[in-house]
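Contents: one structure, followed by commentary.
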């Protein structure tokens, strides 16, 4: 089982659902877990509202409602059917610093909005200040979404977190704001789809690279899965 963790207080529910759709098209069994305080995926998809349930969406499954990582681990122990588990988290009560070593890949998703940056920094401050086994620096990859030209320094996040044992990956991911991508996101939220046909070229390119990075599959296989995902009809709400 490959475990991937996304930190951050910005809404990347669309990006994560698109990624899960592509990975599921490769034959992987994929679970997307929403553990954000804002419940980005919960409200940005056709997930069942109310008690903890699994919702099938375009070939992968979505869930939410786990208070602790140990609760999720217990669930996965009795549901050993997933090849990929992807979690979006900004709740410091969900996991500890020592839990970070359980994940194959860890990303920090931000944009340049002040509230997003400050809430993300606060979360990471709490996480890295918590007690836990110190096994050296934790490698994180930065993911910048809805990027716009502004006066914020490119290394702002790295500079304010400089006191913590973080090793930033050499390669980061960046997606410029594009109105077509935002329109696709809104349309998909209300229709229950994960339609990737109308995304911008840069978004598609980043989506393919991110899917490669998470899965470890080669570019050729991910591109083939991307083409299949574009053609696949939706299946949701089961």
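Would the range 66-79 turn up any residue that is modelled with pLDDT of 90 or more and more than 19 Å from residue 33 (Cα to Cα)? Scanning the range 66-79, I find no residue that is modelled with pLDDT of 90 or more and more than 19 Å from residue 33 (Cα to Cα), so the answer is no. Only strands (runs of 3 or more DSSP E) whose full extent lies in the range 133-238 are considered here, and the ones with at least 2 residues that are under 29 Å from residue 55 (Cβ atoms) are 138-147, 173-176. Within the range 128-145, how many residues turn out to be touching a helix residue (DSSP H, G or I) at 6+ places or on another chain (Cβ under 8 Å) and modelled with pLDDT of 90 or more? Matching residues across the range 128-145 total 5.
Kindly evaluate residue 121 against the criterion of being outside any loop (DSSP other than H, G, I, E, B), closer than 30 Å to residue 181 by Cα and touching a helix residue (DSSP H, G or I) at 6+ places or on another chain (Cβ under 6 Å). Give the derivation first.
Working: outside any loop (DSSP other than H, G, I, E, B): yes; closer than 30 Å to residue 181 by Cα: yes; touching a helix residue (DSSP H, G or I) at 6+ places or on another chain (Cβ under 6 Å): yes.
Yes.
Among the residues of the range 148-170, those identified as at pLDDT 90 or above and either under 17 Å from the mean Cα position of the chain (by Cα) or surrounded by 13 or more Cβ atoms within 10 Å (Cβ to Cβ) (or both) are 166, 168, 169. Within the range 90-118, the set of residues being farther than 14 Å from residue 128 by Cβ, touching a residue at least 24 places away in the same chain (Cβ under 8 Å) and outside any loop (DSSP other than H, G, I, E, B) comprises 102, 105, 107, 109, 110, 115, 116, 117. Condition test on residue 17, is it within 25 Å of residue 224 (Cα to Cα) and touching a strand residue (DSSP E or B) at 6+ places or on another chain (Cβ under 6 Å)? No: the conditions fail for residue 17.
The values are calculated or read from the model by the stated rules, or taken from the named source; none is laboratory data. The shown structure was predicted, so the numbers you read here are calculated from the model rather than taken from an experiment. So basically every Cβ, Gly included, is an ideal-geometry build from the backbone, and we count neighbours across all protein chains shown.
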